[in-house]
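Step one of this worksheet: look at the structure below.
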Amino acid sequence: MTLDPSPSQTVGPFFAFGLPFDGGGDVVPPGTAGAISLHGTVRDGAGAPVPDALLEFWQAGPDGRIAARAGSLVRDGRSFTGFARVPTDRSGDYVIRTLRPGPVAGSAEAPHLAVTVFARGLLHHLFTRVYFPNHTEANAADPLLSALPEERAATLMAIPDGWFGGPGYRFDVRLQGPGETVFLDLISEAGAVR
Amino acid sequence: MSPAPPERGRSEQDEVTDAIREAALVAPQRGGHPDRAYAPYRSTALRSPSQPLVVAPASLLEQTAPVFGAKDVAATDADLTVHSTGEPLGERIVVTGRVLDRDGRPVRNQLVEVWQANASGRYAHDGDRHPAPLDPHFTGGGRCLTDDDGRYRFVTIKPGAYPWRNHHNAWRPAHIHFSLFGTAFTQRLVTQMYFPGDQLFALDPIFSSVTDEKAQQRLIARYDHDTTVAEWALGYQWDIVLDGPGATPPDPDEV
Ligand SMILES: [Fe+2]
């Protein structure tokens, strides 16, 4: 049996009271050893900030383990669930606080965060990835990064830019136009799944 | 001879409706999902990528999904009519259905989230400028987990249609926004559920961005008298099918 999927529709402008939740960007609590901020700006094809986007992040822990643990929506302050959800603010900016992922055992890919982008005006979400520059060897061997032209691969690389509160990385999302982020059509062995 | 009826000037809605019809003539969309660049919905112009998506195998990480559980969702989250001290105005409804993968397997114990306008077509959101009344007893956000059969169930109020600024006299058909997770990150879905028989479907660029008629039908709930609760609420059934993983045949153009 193969059922046809339910079509996607835009998240619209009014998701702010439906989807975001308190602490959505706090994958780890403030003061956690090794915590980083990952932040950036979502921009449209004209370079204007997108103030009504929603980003979700999914990642392994620093030990490379993928958590299968409830409690992302109501965080207990000590369990690592690996999931973040944040809306952009008036300036199109977002920030999450997390730990850098470690290599997942058996994975061909370098450590990365999986990202989903939703926005008003976006009829179907977009998938992308955040990689980290310090995994030089793993990044060079990564099937996606190594298949992309250098300037396109660069759109998936977090840029270290520590801030007053500690270590930080910038990851901007450009929906369209110059420097457009690489968005993914993710397939499994049996075919496309996007 | 009777005089010819006075010619009505073409409205902006007429132009949009034409554009909707024109867009429906191009090739069917894969999986029934809308194309991100869809001219009748004007905000897509600057928010849809101009480069094609890059085909990549899902990583081990992307073949898994976040897990949610009882600690994430309170039992009352699924009844949007009990989030205040009093009863919201409007037509009380029950909306239920199953979340399935493309093989028809239930997606168990997974998070379903909804948000919607009140009975007057107004969102409890600062950005909503529609001069319709807010309801002090209705916020319009809900959550639940699917059961072992993949079933979700919400009690809520039938949302009203509302105007928006896409073009002059643009109105959205009544809808409930849905957010769904599967067992893989790649199955993520955000969509909208509509009510049967709405006269606004053909005029609405968001509903019509799904151009295939069969795919459009998959966005519309079915009135179900067995779901209706006597003396209390009308019932609607709406099943949701998540993409993949691995259930979609490869697109020959992309392999
Ligand atoms: Fe809406």
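The values are calculated or read from the model by the stated rules, or taken from the named source; none is laboratory data. Not measured: the values here are computed from a predicted model. As a convention, Cβ positions derive from the backbone with ideal geometry for all residues, glycine included, and neighbour counts pool all protein chains shown. Just the protein is used for accessible areas: all its heavy atoms, side chains included, with ligands, DNA and RNA removed. Shrake-Rupley method; radii C 1.70, N 1.55, O 1.52, S 1.80 Å.
When you scan region B:68-174 for strands (runs of 3 or more DSSP E) that lie fully inside it, which ones turn up with 2 or more residues that are within 16 Å of the ligand (Cβ to nearest atom), touching a strand residue (DSSP E or B) at 6+ places or on another chain (Cβ under 7 Å) and open to solvent by 20 Å² or more (accessible area, probe 1.4 Å)?
Filter on region B:68-174 gives B:162-164.
Applying the selection to region A:91-103, what residues are open to solvent by 30 Å² or more (accessible area, probe 1.4 Å), touching a Ser or Thr at 6+ places or on another chain (Cβ under 8 Å) and part of a loop (DSSP other than H, G, I, E, B)?
Within region A:91-103, A:91 is the sole residue that qualifies.
For region A:104-129, how many residues are part of a loop (DSSP other than H, G, I, E, B), out of contact with any Lys or Arg (no Cβ under 9 Å at 6 or more places or on another chain) and open to solvent by less than 10 Å² (accessible area, probe 1.4 Å)?
Matching residues across region A:104-129 total 1.
Let me confirm something: among A:47, A:12, A:71, which residue is away from the ligand (no atom under 16 Å from the Cβ) and open to solvent by less than 10 Å² (accessible area, probe 1.4 Å)? Let's see the steps before the verdict.
Details: A:47 fails: open to solvent by less than 10 Å² (accessible area, probe 1.4 Å); A:12 fails: away from the ligand (no atom under 16 Å from the Cβ).
After applying the criteria, what remains is A:71.
Residue A:78 is checked against (1) touching a His at 6+ places or on another chain (Cβ under 8 Å); (2) closer than 30 Å to residue B:70 by Cα; (3) among the basic types (Lys, Arg) and fails just one. What number does that condition carry?
Residue A:78 satisfies every listed condition except (1).
Quick one: is residue B:188 open to solvent by 30 Å² or more (accessible area, probe 1.4 Å) and either within 26 Å of residue B:107 (Cα to Cα) or within 16 Å of the ligand (Cβ to nearest atom) (or both)?
No; evaluated as a whole, the condition is false for this residue.
Looking at this structure, is residue A:59 open to solvent by less than 10 Å² (accessible area, probe 1.4 Å) and within 16 Å of the ligand (Cβ to nearest atom)?
no
Give region A:56-90 a look and list any residue that's at the interface with chain B (Cβ under 9 Å from one of its Cβ atoms) and outside any loop (DSSP other than H, G, I, E, B), or say none.
A:56, A:58, A:83
Restricting to region B:191-219, give me the number of residues that are open to solvent by less than 50 Å² (accessible area, probe 1.4 Å) and within 7 Å of another protein chain (Cβ to nearest Cβ). Don't jump to the end; show me each part of the working.
Step one: of region B:191-219, the residues open to solvent by less than 50 Å² (accessible area, probe 1.4 Å) are B:191-195, B:198, B:200-201, B:204-211, B:215-216, B:219.
After this cut, where a residue has to be within 7 Å of another protein chain (Cβ to nearest Cβ) as well, the list is B:191-192, B:206, B:209-210, B:215, B:219.
Qualifying residue count for the region: 7.
Return yes when residue A:21 is more than 16 Å from the ligand (Cβ to nearest atom) and open to solvent by 10 Å² or more (accessible area, probe 1.4 Å) and no when it is not.
Yes, satisfied.
For the list (1) surrounded by fewer than 13 Cβ atoms within 10 Å (Cβ to Cβ); (2) modelled with pLDDT under 95, I need the number of the one condition that residue A:178 fails.
(2)
Please enumerate the residues belonging to region B:42-65 that are closer than 30 Å to residue B:170 by Cβ, at the interface with chain A (Cβ under 7 Å from one of its Cβ atoms) and not in a loop (DSSP other than H, G, I, E, B).
Within region B:42-65, B:43, B:44 meet the criteria.
If you check every pair at least six apart or on different chains, which have Cβ atoms under 6 Å apart with a residue in region A:3-28 that is of a type in the set (Lys, Arg) first and a residue that is open to solvent by 10 Å² or more (accessible area, probe 1.4 Å) second?
Filtered contacts from region A:3-28: no entries.
Criterion first (among the β-branched types (Val, Ile, Thr) and within 9 Å of chain B (Cβ to nearest Cβ)) does residue A:181 satisfy it?
Considered against the rule, which asks whether it is among the β-branched types (Val, Ile, Thr) and within 9 Å of chain B (Cβ to nearest Cβ), residue A:181 comes out as yes.
Looking at this structure, is residue A:24 more than 9 Å from every other protein chain (Cβ to nearest Cβ), closer than 30 Å to residue A:110 by Cα and more than 14 Å from the chain's Cα centre (by Cα)?
no
Within region B:30-41, take every residue that is crowded, with 17+ Cβ neighbours inside 10 Å and at the interface with chain A (Cβ under 8 Å from one of its Cβ atoms) and give me the one that is modelled with the lowest pLDDT.
Once the filter is applied, the top-ranked residue is B:31.
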